[in-house]
Structure formats: C-alpha cells, structure tokens
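Input: a single structure, listed below in structure tokens.
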Amino acid sequence: MEEEKENIQFELTDELLAQVEGLVEEQDDKALQKLLKEFHYADIAEILDELNLEQAVYVIKLLDSKTTSDILIELDEDNREKVLKNLTAQEIAEEVEELDTDDAADIIAELPEERQTAVIAKIEDEEHKEEIKELLAYDENTAGSLMAKELVKVYETWTVAGCMRRIRGQAKEVTRVHSIYVVNKEEKLIGRLSLKDLIVAKSEQKISELVKVNVDFVNVNERVEEVARLMAKYDLEAIPVIESDDNKVLLGRITIDDIVDVMKEEAERDYQMAAGITGDVDSDDSILQLTRARLPWLFLGLIGGIGAFVIMEGFQESFNKYAVLFFFTPLIAAMAGNVGVQSSAIIVQGLANDDVKGSVNDRLIKEMLLAALNGIILAIVLFLFVWATKGELNTALAVSASLVAVIIVAGLIGTFVPLFLDKRGIDPAIATGPFITTSNDIFGILIYFWIAKMILGI
C-alpha cells in the first residue's frame with residue numbers, strides 16, 4: 001500500500017547518483033538503506049532508472065516490499081520489465097501483495113503468461129489473489145482494467161453509529177478515501193455518502209436518510225477514453241464502477257491517478273502518430289524496432305513524392321514556357337501541408353475533448369470560409385510580391401489564385417479526414433501527421449498547375 005511521506009525537495013544530481021552507486025558496489029546495506037529512506041518512492045524509482053540492471057535489482061532486493069512495490073509502479077516501463085525478469089515468482093508475489101489490486105494487476109499483466117500463473121500461485125492472500133485474477137480478465141482498454149477493488153462501502157440500512165464502526169476497518173485497506181459508496185442488500189450502487197454529513201448526523205439516523213443518490217458512475221466495459229472524459233468534465237477524484245447499466249452491482253472504483261496515466265499515454269501515442277511513428281516506441285528501443293515504427297509513414301512520403309513528380313512531369317510544357325512557376329512549387333506544397341495539419345490538429349483536439357458538435361457539413365462550411373479568408377489575405381501578399389519582383393501580372397494572378405484554392409482544399413481535407421476516421425472508429429490522430437501532409441502536397445501541386453495553366457493559357 002502507498003505510504004505517505006513528508007515531501008522534500010529532490011534533485012537527482014551526479015553526486016547523489018555516484019553516492020548510491022558507490023554504496024551498492026561496496027554493498028554497504030545499512031548506509032544505503034539510511035540514504036534511500038529519506039526519499040519518496042517516486043524519487044527512488046528515478047534513481048533506479050539511472051542505475052544499471054544489476055545495481056537496480058540489488059536495491060530492489062535490499063529494501064522492504066512495502067517500499068519496493070511502489071517503486072516498481074514508478075519505474076520506467078522498459079526498466080521495470082528488465083527488473084521483473086530478474087526477480088523470482090515468489091519475490092514478485094511479495095511485491096504485488098503490498099499493492100492495491102489495480103496496480104498489482106498492472107504489474108502481473110506485463111509478465112509472460114507462464115510467469116503470471118506462477119506469480120499468482122505464490123500470492124498468499126486468497127481474496128487479493130481472486131480480485132487480481134478478476135481484473136486481469138477485463139480488456140485492457142476498459143474501465144474494468146483500471147479499477148481497484150479497494151473501496152469504502154456502506155449499506156443503506158445501517159445506522160450512523162454502526163456505519164462509523166465498520167468503515168474504520170474498511171479504510172485500513174484503502175490508500176485514500178475519496179468517497180463512501182452506499183449500496184443496497186443486493187450490492188447495487190445507490191449513491192454516495194458525504195463524510196461531513198456522516199460526522200454531523202445523529203447516531204441513530206439511517207444511512208438511507210443521508211445518501212446522495214445523484215452519483216456519476218461507469219460500467220465495467222466502458223472505454224477508458226470515455227472514463228477519462230467523464231472524470232475530467234466533472235472534476236472527479238474517483239468514480240465507482242458497476243457491473244452494467246442495467247445491473248448496478250458495485251465492483252470497484254477508478255481514481256484520478258490512473259486516469260492521469262491514461263491521458264499521458266494517449267497524449268504520447270497521439271504525438272507519435274502525428275509525427276508519423278506507428279507503435280509504442282522510445283529512444284532507447286533497438287534500431288530494428290524504431291525502423292519498423294518509422295518506415296511505413298516514410299514509405300508513404302516516398303509514394304507522395306513520386307506522385308508529385310509524376311504530376312509535375314505532366315506539366316513540363318508549362319515549365320518550359322513559364323519557368324518561374326517551378327520556383328513557387330515548394331511554397332504551394334508547404335502551404336497546403338501546413339494548412340491541412342492546422343485544420344486536422346484542431347479537429348483532433350476537439351474530438352479528444354468532445355467539443356466537436358454539429359454536422360460534418362457545418363464543420364466543412366466553417367472551415368471553407370476560414371480557409372478562404374486566410375487564403376485571400378496571404379494571396380494578396382504573394383500577388384504583390386510576384387508582381388513587384390517579376391513584373392508579370394498574369395503570373396502573379398495565377399500563383400496567388402492557386403494559393404487561395406490550395407488553402408481551401410487543404411483546409412477541407414484536414415477537417416474531413418479526422419471526422420471520417422473518427423466515425424469509422426479509427427484514431428483520428430493519424431490525420432495530423434504525414435498522411436495529411438503528403439496528400440495535401442499532391443493535391444496542392446495538381447491544383448496549382450491546373451489553375452496556372454488555365455489563367456496563363458498554356
């Protein structure tokens with residue numbers, strides 16, 4: 001279980017890291033324990049992330065399970081995987097027995113299937129074991145995979161005096177008491193109980209007289225993104241999890257720290273997708289893993305470049321007669337890519353925050369008007385530049401008119417694609433990366449030369 005410690009200012013310096021490494025090498029256990037005792041478990045995890053595997057395992061085995069169980073949760077995922085490989089099933093079981101069920105299930109879920117079975121078999125607390133097995137059975141992207149079984153619940157038929165006696169025992173198993181949930185005799189969620197109301201109430205009052213029935217909840221199969229959206233919208237520190245909307249049996253609760261982790265992982269995944277990286281990778285992964293993650297979108301960019309080449313080759317006659325058009329090709333392509341990314345980024349952000357309202361047509365009309373306004377302003381600047389430097393009115397008109405059209409089309413594509421992907425259940429974040437940039441480059445060049453050809457009469 002998580003232990004509260006007085007916060008102290010922590011900074012991982014080279015001197016501190018060298019001190020820890022020295023004590024590990026000397027195997028000065030007492031001095032090492034005394035030093036690390038001063039730090040929060042999250043700070044110790046930061047230290048272990050900088051040690052080599054052998055040193056990190058040594059520290060984990062040295063400290064008590066109550067401390068190291070929390071450290072394991074805070075470790076970098078790759079480092080945690082390596083540490084767990086160097087611990088026996090018995091040692092891992094001792095660690096997870098100190099954790100809340102949700103964190104324990106997260107640790108075990110990272111193990112290979114055979115190791116999971118071995119670790120679970122070593123857990124001595126039968127109730128804890130069964131609850132962990134229950135959580136492992138849920139899909140990893142559902143509320144069931146996030147919830148903890150530890151909570152404080154009371155029955156509506158209890159009196160205040162009886163309730164106070166019983167919740168003292170329950171609270172010992174709960175790290176933080178965010179809410180007190182009220183259930184009926186069938187274990188179905190009725191509502192929640194205010195601690196203030198409980199304290200000031202008369203001893204003989206029934207809980208049913210104090211319960212607040214308006215309580216937010218999620219069913220166990222709800223997607224984690226929806227849970228995150230709901231908790232963020234209503235500023236909830238915790239939310240109860242029920243069996244189903246029809247059968248409101250209280251199963252557990254989800255706390256805000258788990259939702260923060262979900263939002264962080266989602267943001268990291270979206271950022272990678274926007275940058276054209278598929279898969280969950282980081283800078284420490286192997287060259288082969290990084291290549292597999294990057295190559296698909298780089299290949300798409302290559303195909304886009306070949307497409308642009310074919311289009312430009314088809315307008316070779318235009319180049320021969322108006323060579324100046326060639327020099328504005330990078331500008332048109334860049335503007336198309338930038339506008340498309342801007343439009344798609346706004347829509348993706350709106351979809352993530354559930355702020356996108358109204359029909360697709362309304363969105364497209366709004367984006368078309370916005371793109372037209374921006375395009376006209378930029379086109380005027382470009383028109384004056386081309387006219388002043390080249391002295392050719394028709395060329396200036398062709399380039400600036402093309403820019404307006406390209407910006408409008410790029411804005412429409414950037415708006416429509418993420419909305420379309422979202423409707424099809426595909427993560428719209430991929431629309432903010434090379435997919436949009438490449439497609440808009442091709443369309444932009446095609447529109448540019450087509451309009452220029454019409455205006456210049458080539």
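The values are calculated or read from the model by the stated rules, or taken from the named source; none is laboratory data. Everything numeric in this text was worked out from a predicted model, so none of it was measured. Glycine also receives a Cβ, built like all others from the backbone with ideal geometry; neighbour counts cover every protein chain displayed. SASA here: full protein model, heavy atoms, side chains in, ligands and nucleic acids out. Shrake-Rupley method; radii C 1.70, N 1.55, O 1.52, S 1.80 Å.
Of the residues that sit in segment 194-217 and are in a loop (DSSP other than H, G, I, E, B) and hydroxyl-bearing (Ser, Thr, Tyr), which one is farthest from VAL154 (Cα to Cα)?
Initially, segment 194-217 is screened for residues in a loop (DSSP other than H, G, I, E, B), giving 194, 201-205, 210-211, 213-217.
If we keep only those that are hydroxyl-bearing (Ser, Thr, Tyr) as well, we get 194, 203.
Values: SER194: 12, SER203: 15 Å.
Among those residues, the one meeting the criterion is SER203.
On the given criteria, is ILE306 within 17 Å of ILE436 (Cα to Cα), open to solvent by less than 40 Å² (accessible area, probe 1.4 Å) and modelled with pLDDT of 80 or more? Before the answer, list the steps.
On the way: within 17 Å of ILE436 (Cα to Cα): yes; open to solvent by less than 40 Å² (accessible area, probe 1.4 Å): no; modelled with pLDDT of 80 or more: yes.
No: the conditions fail for ILE306.
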When segment 429-457 is examined, which residues are found to be within 12 Å of GLY304 (Cα to Cα), of a type in the set (A, V, I, L, M, F, W, C) and at pLDDT below 80?
-> PHE435, ILE436
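Kindly evaluate GLN272 against the criterion of being over 27 Å from TYR138 (Cα atoms) and either within 29 Å of the chain's Cα centre (by Cα) or modelled with pLDDT of 90 or more (or both). Quick ask: steps written out before the conclusion?
Values: over 27 Å from TYR138 (Cα atoms): no; either within 29 Å of the chain's Cα centre (by Cα) or modelled with pLDDT of 90 or more (or both): yes.
No, not satisfied.
Please indicate, with yes or no, whether at least one residue in segment 181-193 is open to solvent by less than 60 Å² (accessible area, probe 1.4 Å) and in a helix (DSSP H, G or I).
Looking only at segment 181-193, we keep the residues that are open to solvent by less than 60 Å² (accessible area, probe 1.4 Å), and these are 181-184, 187, 189-191, 193.
Keeping just the survivors that are in a helix (DSSP H, G or I) gives none.
Within segment 181-193, none of the residues are open to solvent by less than 60 Å² (accessible area, probe 1.4 Å) and in a helix (DSSP H, G or I).
Of the residues in segment 330-362, how many are in a helix (DSSP H, G or I), farther than 23 Å from VAL227 by Cα and either of a type in the set (A, V, I, L, M, F, W, C) or open to solvent by less than 70 Å² (accessible area, probe 1.4 Å) (or both)? Outline the logic, then answer.
Start the filter on segment 330-362 by keeping residues that are in a helix (DSSP H, G or I), which leaves 330-352, 360-362.
Checking the rest, the ones that are also farther than 23 Å from VAL227 by Cα come to 330-344, 360-362.
The next check asks that each one be either of a type in the set (A, V, I, L, M, F, W, C) or open to solvent by less than 70 Å² (accessible area, probe 1.4 Å) (or both); those that pass are 331-337, 339-341, 343-344, 360.
Looking only at that region, the number is 13.
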Scanning segment 351-394 residue by residue, those without any contact (Cβ under 8 Å) to a residue 40 or more places away in the chain and at positive phi turn out to be GLY358, GLY391
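Quick check on my filter: what residues within segment 397-419 are farther than 30 Å from LEU302 by Cβ and crowded, with 21+ Cβ neighbours inside 10 Å?
Here is the first cut: in segment 397-419, the ones farther than 30 Å from LEU302 by Cβ are 397, 400-401.
Result: SER400, single match.
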Which one of the conditions (1) more than 17 Å from VAL152 (Cα to Cα); (2) open to solvent by less than 90 Å² (accessible area, probe 1.4 Å); (3) under 19 Å from the mean Cα position of the chain (by Cα) does ALA238 fail to meet, given that it meets all the rest?
-> (1)
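Looking at this structure, is ASP422 crowded, with 23+ Cβ neighbours inside 10 Å, within 19 Å of GLU367 (Cα to Cα) and of a type in the set (Asp, Glu)?
no
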If the Cβ limit is 7 Å and pairs must be 6+ apart or interchain, which residue in segment 45-62 that is open to solvent by 10 Å² or more (accessible area, probe 1.4 Å) pairs with which residue that is among the charged types (D, E, K, R)?
-> ASP49/ASP76; LEU51/GLU21; LEU53/LYS82; GLN55/GLU21; LEU62/ASP29
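Do you know which residues across segment 63-91 are among the hydroxyl-bearing types (Ser, Thr, Tyr) and open to solvent by 20 Å² or more (accessible area, probe 1.4 Å)?
As a first pass, look at segment 63-91 and keep what is among the hydroxyl-bearing types (Ser, Thr, Tyr): 65, 67-69, 88.
Listed by number, the residues that qualify are SER65, THR67, THR88.
Output yes when any residue across segment 254-261 is within 26 Å of TRP158 (Cβ to Cβ) and not small (Gly, Ala, Ser), and no when none is. Before the answer, list the steps.
Quick first cut of segment 254-261, residues within 26 Å of TRP158 (Cβ to Cβ) only: 254-255.
Okay, now just the ones that are also not small (Gly, Ala, Ser), so 254-255.
Yes, segment 254-261 contains at least one residue that is within 26 Å of TRP158 (Cβ to Cβ) and not small (Gly, Ala, Ser).
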Cβ pairs under 7 Å, 6+ apart or interchain, first in segment 145-161 and open to solvent by less than 40 Å² (accessible area, probe 1.4 Å), second of a type in the set (A, V, I, L, M) and part of a loop (DSSP other than H, G, I, E, B), ordered by first then second residue, are GLU150/VAL174; LEU151/VAL174; VAL152/VAL174; VAL152/VAL177; VAL160/ALA201
